[in-house]
Amino acid sequence: MFFCFDKRAFKSLEKEADKLAVAGSDVDISWIELMQRVDIQVNRLRQKTHGLTLPVILYGHKEADFIVSILACLVLNIAFVPIDISYPQKRIDKVKRQLGKGLLVDVLAGSIVAFGQGESAIQDNQNDPLSYIIFTSGSTGEPKGVQISASNINSFISWSRANFSLSANQVFMNQALLSFDLSIFELLNALSLGASLVLMDNKTSLDAALFKTRFLAYRCNVWVSTPSFAFAFGVDKAFDAKHFPHLLLMIFCGEVLPKKLADLLLAKFPSLQLFNTYGPTEATVMVSSVQIDQALLNRYEQLPIGNINAICHIDTQNPGTFEQAITGELLISGQSVSVGYLNANNDSFTVDKQGMRFYATGDRVYQQDGKLFFVGRKDSMIKYNGHRIDLGEINHIIEQLAPISSVRTLPLERNGRIIRLVAFVQTNDCNAEVINAHLAPRLPNYMIPSEYVFHTDFPLTHNLKVDSRQLLKQYMDF
Ligand code: AMP
């Protein structure tokens, strides 16, 4: 059996109906059970929506019923909004306000409740209905809702099939939170193939022994994660082909893949297919990929993020240079590009004369030998342990505190990796306890700075802007 995302229905019902479909943190369910649970949830949701196109917040963690509810929403052609239980309440309230009106499925409690009044903010498009909205960090202090439609999903599934050897016999490990678009990779591919999906909850992901036991027990053989998550395993002596004979495919995305990690993994798993991939949530998970092998490792100082393809374009209107190569902003075109953010500034999305949609990623890249290389960001967005953070959002929320006039949160790096966030705070009268108490209900843990440095006046550049370099330098010199 499998789930056809195009038709939004289960197919080949008689085939391998007893096979494992989803191993949740709570229960394992077969394909036939998955279909039965989805049917029940479709009916429950239908009774609550009264035929309206309401968005549905799915609030939970890694339970099998989280996946059930996702499929139920898709069957009903209504957009799901995945929110992990680690989200602070005030941030969830912001998401609800942006959605206007909708339903909230509490996966753990099994309840469905309505929220909001008046109109839902979702635009009803019968030709290409919205499938999900993922909220990411936004520079204005509001999370940004990236809207992904049915055609975006179909395009991503086709892209995945063309780029990786995936099959129904595989067992996909799902580690990233369901509220991040990286986990959409396993969700769409495992379920559209009729394969098995093994969800790893946070407790398991944070405990190497638990993680390995579960990974081996289910014979997982497709690994998709950020490089940060895999780092701990890369140096683990018992993480190799001898102990993990089934692991044949590892796909990385979301941040720079360090050569050191790729090198370690290829040495430990000689038959491994290892891919570096790239993509923003705004273009449905991934848009470029490249297989990393020994020849590539030997050839380049820095690993490419993909092979040049028809949908990735380098905008060289304001060119820069990186070593020898010309850099420009990466623009993505085509069917995988989102219709835009919900209720937010959509300047980074454009449509050309032929009607083709483009998304300007804010990533600076260059090309060499038919491959794309990542240089850095144009703005204040960073990746910290795989999490996407707009530093402007942290600054904005700290600046809500009255005695604080200005904030610059900056990443502290060691050996090319961000090791912590330091917030530089301009104030005459505030302390870390007050700021932490203000942030805890408003930001996820990973966005809360590990240190605050207080200044009565910030150093300024010649143009009278806050001199962030100087702030960091003073901090390092101290
Ligand atoms: P997200 O929307 O969370 O998937 O984050 C997308 C951003 O992550 C991109 O715009 C890049 O800045 C960064 N990113 C994604 N993949 C890679 C990669 N392979 N190497 C470097 N940065 C990446």
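The values are calculated or read from the model by the stated rules, or taken from the named source; none is laboratory data. Bear in mind the structure is a predicted one, so any value in this text is a computation, not a measurement. Cβ sites come from the backbone with ideal geometry, for glycine too, and all protein chains shown count toward neighbours.
Given the condition within 14 Å of the ligand (Cβ to nearest atom) and modelled with pLDDT under 95, answer yes or no: does some residue in the stretch 318-326 qualify? Full working, then the answer.
Just the residues of the stretch 318-326 that are within 14 Å of the ligand (Cβ to nearest atom), to begin with: 322.
Subsequent filtering for residues that are modelled with pLDDT under 95 retains 322.
Looking for residues that are within 14 Å of the ligand (Cβ to nearest atom) and modelled with pLDDT under 95, one finds at least one in the stretch 318-326, hence yes.
Sort out for me the helices (runs of 4 or more DSSP H) sitting completely within the stretch 195-263 that have 3 or more residues that are within 16 Å of the ligand (Cβ to nearest atom).
Hits in the stretch 195-263: 227-234.
Please verify whether Thr350 is farther than 21 Å from Leu182 by Cβ, more than 15 Å from the ligand (Cβ to nearest atom), of a type in the set (Ser, Thr, Tyr) and in the same structural domain as Gln291 (by TED's automatic domain parsing), treating the condition exactly as stated.
Judged against the criteria, Thr350 is a match.
Look through the stretch 91-115, keep the residues that are surrounded by 14 or more Cβ atoms within 10 Å (Cβ to Cβ) and small (Gly, Ala, Ser), and return whichever of them is farthest from Ile40 (Cα to Cα).
My answer is Gly100.
Go through the stretch 118-157 and give me each residue that's in a loop (DSSP other than H, G, I, E, B), polar (S, T, N, Q) and away from the ligand (no atom under 16 Å from the Cβ). Walk me through it before giving the result.
Here is the first cut: in the stretch 118-157, the residues in a loop (DSSP other than H, G, I, E, B) are 118-129, 137-143.
Within this subset, residues satisfying the condition of being polar (S, T, N, Q) are 120, 123, 125-127, 137, 139-140.
Ser120, Gln123, Asn125, Gln126, Asn127, Thr140, listed by residue number.
Examine the stretch 29-39 for a residue that is over 19 Å from Val198 (Cα atoms), of a type in the set (Asp, Glu) and modelled with pLDDT of 95 or more, and state whether such a residue exists.
yes
How many of the residues in the stretch 374-400 are within 9 Å of the ligand (Cβ to nearest atom) and in contact with a strand residue (DSSP E or B) (Cβ under 7 Å, 6 or more places away or on another chain)?
Within the stretch 374-400, residues that are within 9 Å of the ligand (Cβ to nearest atom) and in contact with a strand residue (DSSP E or B) (Cβ under 7 Å, 6 or more places away or on another chain) number 6.
Answer yes if at least one residue in the stretch 202-214 is touching a residue at least 40 places away in the same chain (Cβ under 8 Å), in the same structural domain as Ile332 (by TED's automatic domain parsing) and surrounded by 23 or more Cβ atoms within 10 Å (Cβ to Cβ), and no otherwise.
No: zero hits.
Cβ-Cβ distance below 6 Å, separation of 6 or more or different chains: which pairs start in the stretch 242-259 with a residue that is within 12 Å of Phe229 (Cα to Cα) and end on one that is within 10 Å of the ligand (Cβ to nearest atom) and in a loop (DSSP other than H, G, I, E, B)?
Listed pairs, sorted by first residue: Cys253/Met286; Gly254/Thr226; Gly254/Gly386; Glu255/Thr226; Glu255/Gly386; Leu257/Leu303.
Restricting to the stretch 461-476, what's the tally of residues that are exposed (fewer than 13 other Cβ atoms within 10 Å of the Cβ) and within 15 Å of Arg414 (Cα to Cα)?
2
Of all residues in the stretch 276-296, how many are within 15 Å of the ligand (Cβ to nearest atom) and farther than 18 Å from Leu188 by Cα?
Of the residues in that region, 5 qualify.
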